1. Report every pair of residues separated by at least 6 positions or lying on different chains whose Cβ atoms are under 6 Å apart, first residue within the range 94-117 and without any contact (Cβ under 8 Å) to a residue 24 or more places away in the chain, second of a type in the set (Val, Ile, Thr) and assigned to a helix (DSSP H, G or I).
2. Tell me yes or no: at least one residue of the range 204-212 is touching a residue at least 24 places away in the same chain (Cβ under 8 Å), more than 23 Å from Phe128 (Cβ to Cβ) and not hydroxyl-bearing (Ser, Thr, Tyr).
3. Tell me which residues, restricted to the range 203-224, are out of contact with any Pro (no Cβ under 6 Å at 6 or more places or on another chain), surrounded by 11 or more Cβ atoms within 10 Å (Cβ to Cβ) and not polar (S, T, N, Q).
4. Mind listing whichever residues of the range 1-30 are at pLDDT 75 or above and among the polar types (S, T, N, Q)?
5. If you take just the helices (runs of 4 or more DSSP H) that sit entirely in the range 27-141, which of them hold at least 1 residues that are under 20 Å from the mean Cα position of the chain (by Cα) and over 24 Å from Glu173 (Cβ atoms)?
6. Of all residues in the range 198-217 being assigned to a loop (DSSP other than H, G, I, E, B) and closer than 18 Å to Glu239 by Cβ, which is nearest to the chain's Cα centre (by Cα)?
7. Considering the range 233-250 alone, what residues qualify as being over 12 Å from Pro171 (Cα atoms) and surrounded by 13 or more Cβ atoms within 10 Å (Cβ to Cβ)?
8. In the range 157-181, what count of residues is obtained for those that are part of a helix (DSSP H, G or I) and either under 13 Å from the mean Cα position of the chain (by Cα) or closer than 19 Å to Cys252 by Cα (or both)?
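The values are calculated or read from the model by the stated rules, or taken from the named source; none is laboratory data. Predicted, not measured: the structure shown is a model, and the values here were computed from it. Cβ placement follows ideal geometry from the backbone for every residue including glycine, while neighbour counts extend to all protein chains displayed.
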Amino acid sequence: MPQIFPKAVNPLTRFLVLLLPMGFGATGVGLAAFYRSSYATGKEEVVPQPVAFSHAHHVGQLGIHCLYCHTSVEDSHFANIPPTATCINCHQEMWHGADMLQPVRDSFQKDKPIVWNRVHNVPHYAYFNHSIHVAKGVGCQSCHGNIDNMNLTFQSSTLLMEWCINCHRNPQEQLRPQSEIFSMTWAPGRPVNGKAQVWVREDLPNWGKNPDGTDTAHASMIGQPRPTAQRELGLKLKELYDIRDGVTMTSCSMCHR
């Protein structure tokens with residue numbers, strides 16, 4: 001049988017045999033990188049809003065507490081956007097004539113809520129509950145980053161499933177005492193108001209009291225020094241806040257219901 005292809009094709013064939021697997025591998029790596037990129041996840045993307053609200057000014061400079069605006073985070077699955085009346089509480093006295101606040105004034109006068117654009121988009125097939133995370137010692141900063149430094153709000157994390165799973169698998173790396181949930185400056189071992197960190201009643205389940213008013217078994221911890229290393233502190237909080245085992249925490253039904 002006569003040879004169909006000339007011998008000169010052999011080097012090209014060998015090159016293609018090597019190139020195809022490399023090409024498939026590079027494609028896979030490229031797709032994985034794109035999947036985790038800020039373009040695909042929205043991480044650090046500033047979403048345009050009807051009013052240029054600055055957390056850096058309101059939280060970082062003025063020291064307004066998270067709960068003043070987001071009143072439902074402790075007892076609801078969602079963090080509410082404050083009604084316009086909350087804004088007007090302050091802005092009827094200050095900056096009441098600023099052009100940038102015209103949408104706020106219009107909203108209040110017409111009794112029509114401002115339509116804000118969502119920044120943190122959790123997929124519709126994933127269930128997320130703010131209140132349970134707050135109750136179990138996950139601070140605002142763990143998910144929202146240093147929002148007290150954000151002039152315009154953006155998503156500081158990827159919100160990919162692997163990001164959630166990593167925290168559910170190792171919750172002790174993120175847990176903090178209940179009294180520090182809303183703090184943007186807290187760190188394990190860092191002095192608070194110039195004093196070493198100690199356990200306070202707010203840190204303990206049921207505020208250190210049983211339903212019948214008697215002290216809980218952990219009440220004796222009040223006033224005692226907290227561990228200064230995150231892992232040691234996190235493991236203690238994991239016990240105190242009755243956080244479930246890793247198998248349960250990473251089961252599909254935990255988030256996909």
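1. Between residues of the range 94-117 that are without any contact (Cβ under 8 Å) to a residue 24 or more places away in the chain and residues that are of a type in the set (Val, Ile, Thr) and assigned to a helix (DSSP H, G or I), the close pairs are Ser107/Thr84.
2. Within the range 204-212, the first condition is being touching a residue at least 24 places away in the same chain (Cβ under 8 Å), and the residues that meet it are 204-205.
Restricting the remaining residues to those that are more than 23 Å from Phe128 (Cβ to Cβ) gives 204.
Still in the list and also not hydroxyl-bearing (Ser, Thr, Tyr): 204.
Looking for residues that are touching a residue at least 24 places away in the same chain (Cβ under 8 Å), more than 23 Å from Phe128 (Cβ to Cβ) and not hydroxyl-bearing (Ser, Thr, Tyr), one finds at least one in the range 204-212, hence yes.
3. Matches in the range 203-224: Leu204, Pro205, Trp207, Gly208, Lys209, Asp215, His218, Ala219, Met221, Ile222.
4. Selection gives Thr27 alone.
5. Details: elements: 38-41, 66-69, 84-91, 102-110, 130-135.
Answer list for the range 27-141: 38-41, 66-69.
6. Narrowing the range 198-217 to residues assigned to a loop (DSSP other than H, G, I, E, B): 199-200, 204, 210-214, 216-217.
Applying the additional criterion that residues be closer than 18 Å to Glu239 by Cβ yields 199-200, 204, 210, 216-217.
Values: Trp199: 25, Val200: 25, Leu204: 23, Asn210: 31, Thr216: 31, Ala217: 31 Å.
That would be Leu204.
7. Going through the range 233-250, the residues over 12 Å from Pro171 (Cα atoms) turn out to be 240, 247-248.
Answer for the range 233-250, where residues must be over 12 Å from Pro171 (Cα atoms) and surrounded by 13 or more Cβ atoms within 10 Å (Cβ to Cβ): just Leu240.
8. Taking the range 157-181 first, the residues part of a helix (DSSP H, G or I) are 161-169, 171-173, 178-180.
Pick out the ones that are also either under 13 Å from the mean Cα position of the chain (by Cα) or closer than 19 Å to Cys252 by Cα (or both) and you get 161-169, 171.
Count: 10.
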